[in-house]
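Taking it in order: structure first as structure tokens, then the write-up.
The values are calculated or read from the model by the stated rules, or taken from the named source; none is laboratory data. The model shown is predicted, which means the values in this text are computed figures rather than measured ones. Virtual Cβ from ideal backbone geometry, glycine too; neighbours counted across all protein chains shown.
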Amino acid sequence: MSKIVAVISSPRKDANSATIVKSMVEAAKGKGHDVQVFNVAELKDRRGCIACMGCKKAGKCVLKDEITPILDAIRESDGVILSTAVYFGQPTGQYRLLEDRFFSFIDGSFTPNVTPKKLAVVVTAGTGGADELADQIAGRMGSFFKFDCIGKVTMTGGNPPHEAEQNPEILAQAAEIGSKF
Ligand SMILES: Cc1cc2nc3c(=O)[nH]c(=O)nc-3n(C[C@H](O)[C@H](O)[C@H](O)COP(=O)(O)O)c2cc1C
């Protein structure tokens, strides 16, 4: 049994990215894995990195807020599911808050202080840019933290919520990746 952490960062209710993540999560649970799901958008006390460099001494992020348990859970995990919508060609602000806090996963020499993990990436977009953004996220997580991307699910045409729910192909793709953890 592996420990998996899934992160949702779309602020929308019934977000397509959340639906796709859920399909991945169910498949991972079906394989007997222990899966924890976090939604950054639901947190009230969520802060970005303040560049205090405390993590370079402590070996972990010293800023204490509701993102702290997500960082701790990822640190202890074997696999991670990261998801975001495309906002102006970039991840959502909620995702970026979390991502900057991953700075605590590397030491002062940019060497990871966390074990390598399996990674799955989910990105949804209205008209485009999801593939590029998923590749960028997987690239950063690979180059900085040595996370190994086992699969990506991207969706375009996601402006109406509930769109992913009606797309069995995309849900099956997510489930297939979820079963690979
Ligand atoms: C602030 C904002 C910026 C957006 N920027 C883009 C964009 O640059 N490109 C795009 O294709 N869609 C853009 N969208 C649309 C969302 O990416 C799209 O609705 C996506 O499916 C939402 O994902 P979700 O259903 O998981 O919330 C934007 C939406 C918002 C609210």
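Does region 17-26 contain at least one residue that is in contact with a Phe, Trp or Tyr (Cβ under 9 Å, 6 or more places away or on another chain) and either within 17 Å of Lys152 (Cα to Cα) or among the basic types (Lys, Arg) (or both)? Yes, the conditions are met somewhere in region 17-26. Once region 14-40 is narrowed to residues that are among the small types (Gly, Ala, Ser) and in a helix (DSSP H, G or I), the residue that is nearest to the ligand (Cβ to nearest atom) is Ser17.
So is Gly79 modelled with pLDDT of 95 or more, over 20 Å from Ile20 (Cβ atoms) and not basic (Lys, Arg) or not? Judged against the criteria, Gly79 is not a match. For Arg47, the test of being in a loop (DSSP other than H, G, I, E, B) and more than 16 Å from the ligand (Cβ to nearest atom) is passed. Among the strands (runs of 3 or more DSSP E) confined to region 65-181, the ones with at least 1 residues that are exposed (fewer than 14 other Cβ atoms within 10 Å of the Cβ) are located at 148-156.
Conditions (1) closer than 30 Å to Gly157 by Cα; (2) over 14 Å from the mean Cα position of the chain (by Cα), marked per residue:
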{"position": "Ala51", "(1), (2)": "no, yes"}
{"position": "Ala58", "(1), (2)": "no, yes"}
{"position": "Val62", "(1), (2)": "no, yes"}
{"position": "Asp65", "(1), (2)": "no, yes"}
{"position": "Leu71", "(1), (2)": "no, no"}
{"position": "Ser77", "(1), (2)": "no, no"}
{"position": "Leu82", "(1), (2)": "yes, no"}
{"position": "Val86", "(1), (2)": "yes, no"}
{"position": "Thr92", "(1), (2)": "yes, no"}
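Scanning region 17-32 for residues that are within 14 Å of the chain's Cα centre (by Cα) and not charged (D, E, K, R) returns Ser17, Ala18, Thr19, Ile20, Val21, Met24, Val25. Can you tell me how many residues in region 124-146 are in contact with a Leu (Cβ under 8 Å, 6 or more places away or on another chain) and under 23 Å from Ser2 (Cβ atoms)? Of the residues in region 124-146, 4 are in contact with a Leu (Cβ under 8 Å, 6 or more places away or on another chain) and under 23 Å from Ser2 (Cβ atoms). So which residues in region 82-102 are in contact with a Lys or Arg (Cβ under 9 Å, 6 or more places away or on another chain) and more than 13 Å from the ligand (Cβ to nearest atom)? Matches in region 82-102: Leu97, Leu98, Glu99, Arg101, Phe102. If you filter region 2-13 down to residues that are more than 9 Å from the ligand (Cβ to nearest atom) and of a type in the set (Val, Ile, Thr), you find that the one that is farthest from Ile67 (Cα to Cα) is Ile4.
Gly54 satisfies every condition listed in (1) in contact with a strand residue (DSSP E or B) (Cβ under 7 Å, 6 or more places away or on another chain); (2) away from the ligand (no atom under 11 Å from the Cβ) except (1).
Within region 121-155, how many residues turn out to be more than 15 Å from the ligand (Cβ to nearest atom) and not acidic (Asp, Glu)? Qualifying residue count for the region: 13.
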